[in-house]
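Enquirer: If you scroll down you'll find the structure; I have some questions about it.
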Amino acid sequence: MCGIVGYVGGAEAVPILLSGLRRLEYRGYDSAGVAVLDGGRLATRKAVGRIANLERALSEEPLTGKAGISHTRWATHGGVTEANAHPHFDQSGKLALVHNGVIENHLALRAQLEAKGHIFHSQTDTEVLAHLVGAAFDAQDAESPEALVEAVRVALRQVTGTYGVAVIHANVPGTMVGARRGSPLVLGVGRDEHFLASDVSAIVAHTREVVYLNDHEIVALRGNGFDISTLAGTDATFQISRVEQGAEDADRGGYAHYMLKEIHEQPGATRDALRGRLSREEATAKLGGLNMTNAQLRDVERIVLCGCGTAFHAAMAGEYIIESLARLPVECEIASELRYRNLPMARGTLVFVISQSGETADTLAALRECRRKGHRVLGICNNVASTIARESDGGVYMHAGLEVGVAATKSFTSQLTVLTLLGLLLGRIHGLSCAEGMEILKALESLPDLVTKTLEQESRIAEIARKYAHARNFLFMGRQANYPIALEGALKLKEVSYIAASGHPSAELKHGVIALVSAETPSVCIAPRDAVFEKNLANIEEVRARGGPVIALGTEGDGDLAKVADDVISLPQAPEYLTPLLATIPLQLLAYHIAVTLGRDVDKPRNLAKSVTVE
Ligand code: G6P
């Protein structure tokens, strides 16, 4: 898993590799490492933890060389130790390899190699691959770039699983070999220098000319050129694309954390998600990126929404929103389940995969499986030119801007905005009148201001956070489209504060979870003035009757709620399909302020990665 950056050319490799790794830290930050070739000398530095630790190690003991590979890790096989950090080496110590993916048959391969006398220094699947390539290289007479390519090819034919790899060898200076299957790898074409990376953000500061490698392709890079072939040994055809996106710079803009900054960016992010997509003339949404005519959209009989983590919660909320606006059946699926499930999908099913990064391995696999079955699959992504955006049949960009905090915030509300636009568009095709469409359109136009108004609750929420920060367990509840928001609120709290939290449909509490209610367990209840308000009120009473403290999110000025809850957070008046989005914001702030009170590493919580690129 993880992020890879490689460089070969005329400049010092280390600064280029480090700046690339910093851009890929969203793929993991358990450990990081580099290996650099200086003539025929191969040297490495590794450090547990953030890229900053590796930078420190390199400033204490610098490395020079004009070819190198590097890696930032999210641990899969083997603990978070320096020994398990990449790059890994072969038996001779002359070949270094970095890897993103999982070698599934690593145990059998390790046993075979050990029987031949190979000694391993880590618990990783990757080290097995390094030994395999090294053994294949040593078995040949020549020590040429072609021999290194052949060795990679021979080794990869023996492995099952997924990989994006980069390899260098001390006896083949000036050459780097990369290959991919299942994990993304992009080649950057520069003037007398070439790059390899898990995504373009790592290299876009140096070159805009890239080749997106396909599965089963191998590339050999030199300063002055590159060759791409297939795992089968034939030449591959390729296309050099120009990347339009710049190297977006991340700064905290005066906020203590990226998470807080990104929470406060939501008025702008929702505005950007709506920009140019509302047509007053037709009282509908315009989503040209879907690449579908209204006639084709009319033939859609069922929608499947799919994603992981926060994106899955957006899918769940999207189910309620689209069903209520468009009266179309919607189902949501967790991507990791969908990819292995034989879901019956009739003709007329339109699939949306939702992914902020556009790189999540399970979501990508679900996309491929659905496309393989012949379905049209559209993406709702934030990262332009990400793998999911490129492989889908069309889609809608979120335009949320760069999200750095590992806990997704503005991307979630942007996803909900896009899903509401979709509800409006499909609704206007399937039955909403012009007047109804116009009402929804106007409500959407007011959304950024409603978000701003919700954010004004922050100081009140920070107080509540301090009051409850030392609770060991939280319950979140809501009904209908606010049930997924309860799940998302609980997820945010777990991610950044490490407090146990769970989200539930309010009425479901009495079927077991209510056993957890006690004076020490606060319940966060989402209860705006909607069709199920009285029902929520009754559920709140049930919690109160058992001595559980209640933090309620309700519509501004709600006196009834104030009577039953210990603490109330106000949401502005809004139509029912917009309250889930608005209710999310106080829950983000609650999680943030609790985490800060507890002194947590808010932007890079333990064990997490912003984008999980292994299954
Ligand atoms: C990881 C992140 C989550 C995110 C999920 C899906 O688990 O930690 O915050 O929601 O991946 O990411 P995606 O980029 O596909 O939206």
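Enquirer: Please list, short to long, the whole-number percent of alpha-carbon pairs of segment 303-391 in consecutive 5 angstrom bins beginning at zero.
Expert: P(r) over segment 303-391, rounded to whole percents: 3, 16, 28, 27, 18, 8, 1.
Enquirer: Further question on the same structure: Return the whole-Å distance between the Cα centroid of segment 337-361 and the Cα centroid of segment 470-533.
Expert: Here the answer is 28 Å between Cα centres.
Enquirer: Shifting gears a bit: Compute the Cα gyration tensor for segment 261-342, then decide on rounded, prolate or oblate, letting a ≥ b ≥ c be the square roots of its eigenvalues: rounded whenever a/c is under 1.5, prolate when a/b is larger than b/c in the other cases, and oblate in all that remain. Please list the in-between numbers first.
Expert: Numbers: a/c = 2.10, a/b = 1.11, b/c = 1.89.
Oblate, because a/c is 1.5 or more while a/b does not exceed b/c.
Enquirer: Provide HIS121, HIS106 in ascending order of the number of other Cβ atoms located within 10 Å of each residue's Cβ, fewest first.
Expert: In increasing order of surrounding Cβ atoms, one gets HIS121, HIS106.
Enquirer: GLU520 to SER446: FRET efficiency via 1/(1 + (r/R0)^6), r the Cβ-Cβ distance, R0 35 Å, to the nearest 0.05?
Expert: On the way: r = 40 Å, r/R0 = 1.14.
It comes out at approximately 0.30.
Enquirer: Rounded, prolate or oblate: pick one for segment 60-201, where a ≥ b ≥ c are the square roots of the eigenvalues of its C-alpha gyration tensor, a/c under 1.5 means rounded, and failing that, prolate if a/b is larger than b/c, else oblate.
Expert: Working: a/c = 1.41, a/b = 1.20, b/c = 1.18.
Since a/c stays below 1.5, the shape of segment 60-201 is classed as rounded.
Enquirer: Given a Förster radius of 35 Å and the C-beta distance between ARG56 and ASN294 as r, what FRET efficiency does 1/(1 + (r/R0)^6) yield to the nearest 0.05?
Expert: Computed FRET efficiency for ARG56 and ASN294: 0.05.
Enquirer: With each label point set 7 Å from Cα along the Cα-Cβ vector, what nm distance links ARG271 and SER324?
Expert: In this crude label model, ARG271 to SER324 measures out at 2.7 nm.
Enquirer: Within 10 Å of each candidate Cβ there may be at most 15 other Cβ atoms; applying that plus a DSSP loop requirement, which trypsin sites (Lys or Arg not before Pro) in segment 146-244 survive? Working shown, then result.
Expert: Values: sites: ARG153, ARG157, ARG180, ARG181, ARG191, ARG208, ARG222, ARG242; in loops: ARG191, ARG208.
Within segment 146-244, the qualifying trypsin sites (Lys or Arg not before Pro) (loop, at most 15 other Cβ atoms within 10 Å) are ARG191.
Enquirer: Another question, if that's okay. Out of residues 5 or more away from SER183 or on other chains, whose amide H comes under 5 Å of its own, with H placed 1.01 Å from N in the peptide plane?
Expert: TYR163, GLY164
Enquirer: Computed over the Cα atoms of segment 81-124, what is the ratio Rg over Rh, Rh following Kirkwood?
Expert: 0.94
Enquirer: Something else about it: Taking just the alpha-carbon atoms of segment 568-615, what radius of gyration and Dmax come out, in angstrom?
Expert: 14.9, 42
Enquirer: What number, in percent, do you get for the relative contact order of the chain if the mean sequence gap of Cα pairs under 8 Å and at least 6 apart is divided by its residue count?
Expert: 12
Enquirer: May I pose another question? What does the charge dipole of the chain about its Cα centre add up to, to the nearest 20 debye, if the Cβ of each Lys and Arg holds +1 and the Cβ of each Asp and Glu holds -1? Write out the running numbers ahead of the final one.
Expert: Working: 61 positive and 72 negative charges, 74 e Å.
The calculation lands at about 360 debye.
Enquirer: Checking the table LYS442/LYS535; LYS66/LYS610; LYS410/LYS494; LYS410/LYS563 against a 23 Å threshold on Cα-Cα, which pairs fail? Please report the intermediate quantities before stating the final value.
Expert: Numbers: LYS442/LYS535 29 Å; LYS66/LYS610 30 Å; LYS410/LYS494 18 Å; LYS410/LYS563 32 Å.
LYS442/LYS535; LYS66/LYS610; LYS410/LYS563, as the Cα separations exceed 23 Å there.
Enquirer: Cα centroid distance between segment 173-247 and segment 1-54, in Å?
Expert: 17
Enquirer: Ratio to report: Rg/Rh of segment 163-297, with Cα atoms as the point set and Rh obtained by the Kirkwood method; give two decimals. Mind dumping the intermediate values first?
Expert: Values: Rg = 20.8 Å, Rh = 18.5 Å.
Over the Cα atoms of segment 163-297, Rg/Rh equals 1.13.
Enquirer: Which value in deg cm²/dmol, rounded to the nearest 500, describes the helix-derived mean residue ellipticity at 222 nm for the chain, given -39,500 (n - 2.57) per DSSP H run of n ≥ 4 and division by the residue count?
Expert: -11500 deg cm²/dmol, from helical runs alone.
Enquirer: Once you place label points 7 Å from the Cα toward the Cβ at ASP138 and GLU282, how far apart are they in nm?
Expert: My value for the distance between the label points is 6.6 nm.
Enquirer: Next question, about the same structure. Would you report the distance distribution of C-alpha pairs in the chain as whole percents per 10 angstrom bin, up to the bin with the largest distance?
Expert: 3, 17, 25, 23, 17, 10, 4, 0, 0
Enquirer: Just to confirm my numbers, what's the Cα centroid distance between segment 89-125 and segment 287-324 in Å?
Expert: If you average the Cα positions of each part, the centres end up 43 Å apart.
Enquirer: Check each of the chymotrypsin sites (Phe, Trp or Tyr not before Pro) in segment 306-377 and keep only those in coil by DSSP with at most 15 other C-beta atoms within 10 angstrom; list them in order.
Expert: Answer by residue number: TYR340.
Enquirer: Starting with the highest mean, order 289-295, 479-485 by the number of other Cβ atoms within 10 Å, averaged over the residues of each peptide.
Expert: 479-485, 289-295
Enquirer: For helix 361-372, what angle does its Cα long axis make with the longest principal axis of the chain, in degrees from 0 to 90 and rounded to 10?
Expert: Approximately 90 degrees, to the nearest ten.
Enquirer: Under a Cβ-Cβ cut-off of 15 Å, what is the net charge of the residues other than GLN480 that fall near it, where Lys and Arg count +1 and Asp and Glu count -1?
Expert: -4
Enquirer: While we're here: Could I have the simple spin-label model distance between THR81 and GLU541, label points 7 Å from Cα toward Cβ, reported in nm to one decimal?
Expert: So the label points at THR81 and GLU541 sit 5.9 nm apart.
Enquirer: Sorted from fewest to most neighbouring beta carbons within 10 Å, what does the list VAL36, VAL5, VAL189 look like?
Expert: Sorted ascending by nearby Cβ count, the order is VAL189, VAL36, VAL5.
Throughout, read-outs are computed from the coordinates displayed, never taken from laboratory work. Because the structure is predicted, anything quoted here is derived from the model rather than measured. FYI the Cβ positions are ideal-geometry reconstructions off the backbone, even for glycines, and counts take in every protein chain you see.
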